[in-house]
Amino acid sequence: MFYSTDKNDHGLPHDPFKAIIAPRPIGWITSMSASGAINLAPYSFFNGVRSKPPMVMFASETRKDSQTFIEETKEFVCNLATWDLREQMNQTSAPYPRGVNELEEAGLTAAPCRLVKPPRVAEAPCALECKYVQTVPLQDHHGHLFDGFIIIGLVVGVHIDERYIRNGLLDSAAMKPIARGGYHDYSVLDQSFTMRRPTSVAETKALAETKAG
Ligand SMILES: Cc1cc2nc3c(=O)[nH]c(=O)nc-3n(C[C@H](O)[C@H](O)[C@H](O)COP(=O)(O)O)c2cc1C
């Protein structure tokens, strides 16, 4: 099938787009307002965008409290949402009024960060302390602005629960991070496989020949 997104004539009961961009990692974002209010909310239009220095982004479909707080105080934290924390993660996505601390509402523990003021979620096995870099307003190909934004941050500090470090490597699957799919679907990473990247074209060809032969 094919459909164009201006007509959205897919004929399906629900838009399949988010089921294609799946699995999406979840940035479970803590932020703090200028007056000190704490906010926690999940964003699955989220990813790392660079490794040296490490940078992350998340996209807000409209201006929401996380974006407003981050632009006010220029800092945020990305906590890792895991299988064990799935219910709490979901709870923090509810449309709480501004000023309500979703961390407390979900029964989570706030742990202090080292380099930024917003707290991290103590129960999360990893957290990235971030300095706000920029907001990119989203627009269409004619330059018409939407009420949508990409918020970009530079990671200045990293917390890792050392129970998940095995033989010097962080065992992602052991942490069971959850990811968002389409509709109300999620997935959980509980196993992984290893595949080394070819270091040259010659190596790629040699690998292909070994497989063919
Ligand atoms: C798993 C999950 C992922 C979400 N991803 C996004 C997202 O990428 N962008 C967005 O604007 N809202 C997203 N939402 C909805 C926000 O979490 C929700 O609007 C929340 O109330 C925003 O909180 P805030 O206003 O405190 O920032 C997501 C919700 C869930 C449950």
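The values are calculated or read from the model by the stated rules, or taken from the named source; none is laboratory data. Note that the structure is a prediction, hence the values are computed from the model and not measured. Quick reminder, even Gly has a Cβ in these numbers, built from the backbone with ideal geometry, and neighbours come from all protein chains shown.
If a residue must be more than 9 Å from the ligand (Cβ to nearest atom), more than 30 Å from residue 192 (Cα to Cα) and part of a loop (DSSP other than H, G, I, E, B), how many such residues does segment 17-62 contain? Residues in segment 17-62 being more than 9 Å from the ligand (Cβ to nearest atom), more than 30 Å from residue 192 (Cα to Cα) and part of a loop (DSSP other than H, G, I, E, B): 5 in total. In segment 1-10, is there at least one residue being under 12 Å from the mean Cα position of the chain (by Cα) and under 21 Å from residue 137 (Cβ atoms)? Within segment 1-10, none of the residues are under 12 Å from the mean Cα position of the chain (by Cα) and under 21 Å from residue 137 (Cβ atoms). Of the candidates 45, 2, 17, the single residue that is closer than 30 Å to residue 99 by Cβ and either at pLDDT 95 or above or touching a His at 6+ places or on another chain (Cβ under 7 Å) (or both) is 45.
Residue by residue through segment 63-82, note down the ones that are within 13 Å of the ligand (Cβ to nearest atom), of a type outside the set (Gly, Ala, Ser) and not in a strand (DSSP E or B). Once the filter is applied, which keeps residues that are within 13 Å of the ligand (Cβ to nearest atom), of a type outside the set (Gly, Ala, Ser) and not in a strand (DSSP E or B), segment 63-82 yields 63, 64, 65, 67, 68, 69, 70, 71, 72. Just one of 11, 27 is modelled with pLDDT of 95 or more and either polar (S, T, N, Q) or surrounded by fewer than 11 Cβ atoms within 10 Å (Cβ to Cβ) (or both); which is it? None of the other options fit; the residue is 11. Only one of the numbered conditions (1) touching a Leu at 6+ places or on another chain (Cβ under 7 Å); (2) at pLDDT below 95; (3) not β-branched (Val, Ile, Thr) is violated by residue 177, and that is (2).
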